[in-house]
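Notes for the one structure printed next.
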Amino acid sequence: MRGTRTRCPSPSLSFDIMVGVAPGLAVLFDAKSFKASVGANIRQGAPPSEIRMNYIEPHLKRDSLIKLPPLPSSKSDCEQVAEELLSLVNVVAKEVERLES
């Protein structure tokens with residue numbers, strides 16, 4: 001994920017799970033460390049719309065790393081795409097269950 005130019009979500013959003021996605025890879029980050037890192041950038045004067053993931057990613061705690069199969073843009077069948085991403089969905093579902101208990 002390093003080097004990505006993706007912008008961070010607005011600090012006004014509320015979330016419990018942060019998923020970063022890059023080709024062939026998904027990373028679940030600890031939401032508290034993500035929020036803290038975004039907040040630190042804002043306190044240093046960075047406008048939220050200019051905070052990039054590559055600025056804060058080195059400061060985040062990684063909870064899970066999931067390898068994803070390559071998904072060519074030619075795959076337009078939603079069921080096929082969902083099947084390919086099932087491992088990520090299962091990991092996120094388990095994390096949601098853990099947070100709710």
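The values are calculated or read from the model by the stated rules, or taken from the named source; none is laboratory data. It should be emphasised that the depicted structure is a prediction, and the values quoted were computed from it without experimental measurement. Here the Cβ positions follow ideal geometry from the backbone for every residue, glycine too, while neighbour counts run over all protein chains shown.
The figures follow:
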| quantity | calculated |
| --- | --- |
| Condition broken by Val38, with the remaining ones in (1) of a type in the set (A, V, I, L, M, F, W, C); (2) surrounded by fewer than 17 Cβ atoms within 10 Å (Cβ to Cβ); (3) over 23 Å from Leu86 (Cα atoms) satisfied | (2) |
| Conditions (1) surrounded by 15 or more Cβ atoms within 10 Å (Cβ to Cβ); (2) out of contact with any strand residue (DSSP E or B) (no Cβ under 6 Å at 6 or more places or on another chain): number failed by Cys78 | (1) |
| Single residue of the stretch 20-31 satisfying the filter (surrounded by fewer than 17 Cβ atoms within 10 Å (Cβ to Cβ) and in contact (Cβ under 8 Å) with a residue 24 or more places away in the chain) that is nearest to Leu65 (Cα to Cα) | Leu25 |
| Residue in the stretch 21-33 that is touching a Lys or Arg at 6+ places or on another chain (Cβ under 7 Å) and either among the aromatic types (Phe, Trp, Tyr) or modelled with pLDDT under 80 (or both) present | yes |
| Sole exception among (1) at pLDDT below 85; (2) loosely packed, with under 13 Cβ neighbours inside 10 Å for Arg43, by number | (1) |
| Search result, residues across the stretch 19-60 that are β-branched (Val, Ile, Thr) and touching a Leu at 6+ places or on another chain (Cβ under 7 Å) | Val19, Val27 |
